[in-house]
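Colleague: Would you mind keeping the following structure in view while I ask a few things?
The values are calculated or read from the model by the stated rules, or taken from the named source; none is laboratory data. Quick caveat, the model's predicted, so the values are computed rather than measured. Ideal geometry is used to build each Cβ from the backbone, glycine not excepted, and the neighbour counts take in all protein chains shown.
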Amino acid sequence: MMDVELNAWLLFGHASNHFAHTEIVSRLPDATLHRYTYGEMAGRAQQLMHALDALGTEPGDRIATLAWNSYRHLEAYFGVPCSRRVLHTLNLRLSPEDLTYIIGHAGDTTILVDPDQLHLLEAVVDQIPSVRHIVVLGEIPDTTLKGVIAYEDLIADEPRTYGPLPIAERDPMGLCYTSGTTGRPKGAVYTHRSTWLHASAVASTSGMSFGPRDAVLAQVPMFHATAWGMPYAATAAGAKQVFYGGPLDAGALVDLMDGEGVTVAAGVPTVWLAVAEELATGKRLPSIRHIVCGGSQPARALIERYRTEFSIPIVQAWGMTETSPLASTAWPQQRMGDWDETRLTDTVRTQAGQPLPGIDVSIRDDQGGEVPFDGESMGDLYVRGPWVIDGYFGDDGTDAFSDDGWFRTGDVAIGNPDGYFVIADRTKDLIKSGGEWISSVEMEAAIMALPEVVEAAVVSVPDPKWQERPLPCVVVRPGATLTLERLREHLEASGFARWQLPGRFELIEAVPKTGVGKFDKKVLRARFPG
């Protein structure tokens, strides 16, 4: 077989050579639409490669982005790594402290920033000495920063062709930091090889299942884990790409998806909760084949609502920054074709899924022994594979890797006899009451099945008798009421034992979210310490 390096040029060149007329559509933060094609994107991305050379940045330099989802961000996705530099996507919802730490830890030399995010750099510019260039992805607003460069001016006079470089497939291509929920954020380095393999898996029918006839929307931030790899996978597959930039407006998102004929979309549960409320007003998404939902486990009620009210399948996915991130999807198997929907939901749709080809999973007990996939046994989830990191940037977090070459995810999982696994909880979120474990994830899903409830997050609170007890923090629909008696009766009917039932709950206006849309339970634990 030919020894061909798996690198970003194989993804990039395929689209520009064979899908040059396929559209890329961006809804920008000011609500305007931008349209162009893969052919035009390829020319501009190569102009960026030349511009980075002209700036004096070196191969291996970390080039950061601080930007929403858009066509310019996509140009950076290829312009940076195809010129042998490393794309470092910065989370624009980071605190100034974390932003400063991450830029310094990565040693970023250049930052490409959206105009409306420039204030984030203004607040920390004196604390990021490694940064030599700040490039604004649009018109430069009034700013206190010196020497900023407009992106369009930077690339305007550069050639639109750039000869493919001989990049080794194990060279670094991307850098993404974890959310840092248990300490300082840690950097995951994606290689050209891992990104190419991951993109192939994402587009495959075992992954998110899309190809040249699809219009794909990643309602996942491009600043986090490369938007679940969708921009790379969609480019390689030649799919139309649709980007929504700026803070979420569910109505605008639905209109964009409908207007652009989106067939496959992906995002976290909070996105699809908001979209469901918009669809309940009578809007529809006739082109959608399926929605991929990850980041945290979607409630059974949400999955069933999309199926019964809107005729849209939700496919659950699981992964982490450290797994590039897609590692498993919950597709039904061929032999399940005659199963009724209740059985499919129980066995498949509410699971984190089955590992993608190339990913191995292992569920282990406290002694490191394998736990059987029997639908009951719980254990720590370990993973390994060609797009799973074997260490963090800067050798941080070495305790997350086992002696036999597996990554400890920090998730607790249960495998079922059909080969699927479910995330029972994060290790830090399990509630130990009277010596027995209670899954906060399962309780949240049950509570969110109540028609009165919009969202719910369950945290542990100290208890002098039982050690810990569950405390549901609940967002109730406008005009609805919820009593403790109603909550307890519903949980008991959902299969929770009487000893697991909460003795109280808290009404809140909204569940706090992390920068990538997950429930931020540390905020709730601080708010309700006991």
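Colleague: State yes or no: is R44 in contact with a helix residue (DSSP H, G or I) (Cβ under 7 Å, 6 or more places away or on another chain) and assigned by TED's automatic domain parsing to the domain that holds R160?
Modeller: yes
Colleague: So, in the stretch 1-51, of the ones that are part of a strand (DSSP E or B) and touching a Lys or Arg at 6+ places or on another chain (Cβ under 9 Å), which residue ends up farthest from Y232 (Cα to Cα)?
Modeller: For the stretch 1-51, the residue satisfying everything is L33.
Colleague: I would also like to ask the following. Would you mind listing the strands (runs of 3 or more DSSP E) fully within the stretch 419-530 where at least 2 residues are surrounded by fewer than 20 Cβ atoms within 10 Å (Cβ to Cβ)?
Modeller: 431-433, 436-438, 453-463, 467-476
Colleague: Looking at I102, I63, can you tell me which residue is farther than 23 Å from W196 by Cα and touching a Leu at 6+ places or on another chain (Cβ under 9 Å)?
Modeller: Checking each option against the conditions leaves just I102.
Colleague: A further question on this structure: Could you please find all residues in the stretch 37-67 being touching a His at 6+ places or on another chain (Cβ under 9 Å) and of a type outside the set (A, V, I, L, M)?
Modeller: T37, Y38, G39, G56, T57, R62, T65
Colleague: Look through the stretch 249-273, keep the residues that are modelled with pLDDT of 95 or more and in a loop (DSSP other than H, G, I, E, B), and return whichever of them is nearest to R349 (Cα to Cα).
Modeller: Applying the filter and picking the extreme gives T263.
Colleague: Within 20 Å of the chain's Cα centre (by Cα), modelled with pLDDT under 95 and within 13 Å of L112 (Cβ to Cβ): which single residue out of L66, L92, L74, L87 fits that description?
Modeller: L92
Colleague: Let me ask something else. Within the group I359, I288, I303, I314, which residue is surrounded by 18 or more Cβ atoms within 10 Å (Cβ to Cβ) and either touching a Phe, Trp or Tyr at 6+ places or on another chain (Cβ under 7 Å) or of a type in the set (F, W, Y) (or both)?
Modeller: Answer to the selection: I314.
Colleague: Please specify each residue of the stretch 77-102 satisfying the condition of being within 14 Å of M49 (Cβ to Cβ), without any contact (Cβ under 8 Å) to a residue 40 or more places away in the chain and not in a loop (DSSP other than H, G, I, E, B).
Modeller: Answer for the stretch 77-102, where residues must be within 14 Å of M49 (Cβ to Cβ), without any contact (Cβ under 8 Å) to a residue 40 or more places away in the chain and not in a loop (DSSP other than H, G, I, E, B): just G79.
Colleague: Let me ask something else. Can you tell me which residue within the stretch 382-418, out of those that are β-branched (V, I, T) and part of a strand (DSSP E or B), is modelled with the lowest pLDDT?
Modeller: Result: V412.
Colleague: Select, from D404, D399, D425, D463, the only residue that is within 25 Å of D360 (Cα to Cα), touching a residue at least 12 places away in the same chain (Cβ under 8 Å) and of a type in the set (D, E).
Modeller: Being within 25 Å of D360 (Cα to Cα), touching a residue at least 12 places away in the same chain (Cβ under 8 Å) and of a type in the set (D, E) holds for just one of D404, D399, D425, D463, which is D425.
Colleague: Within the stretch 239-247, identify whether any single residue is outside any loop (DSSP other than H, G, I, E, B), surrounded by fewer than 18 Cβ atoms within 10 Å (Cβ to Cβ) and touching a Pro at 6+ places or on another chain (Cβ under 9 Å), and answer yes or no.
Modeller: no
Colleague: Then there's this: Taking the stretch 137-170, which residues are small (G, A, S) and either within 24 Å of H192 (Cβ to Cβ) or exposed (fewer than 12 other Cβ atoms within 10 Å of the Cβ) (or both)?
Modeller: Scanning the stretch 137-170 gives G147, A156, G163, A168.
Colleague: Something else now. Taking the condition assigned to a loop (DSSP other than H, G, I, E, B), under 18 Å from the mean Cα position of the chain (by Cα) and not basic (K, R), does Q316 pass?
Modeller: no
Colleague: Checking the conditions here, which among P212, P166 is in contact with a helix residue (DSSP H, G or I) (Cβ under 8 Å, 6 or more places away or on another chain) and either assigned by TED's automatic domain parsing to the domain that holds L66 or charged (D, E, K, R) (or both)?
Modeller: P212
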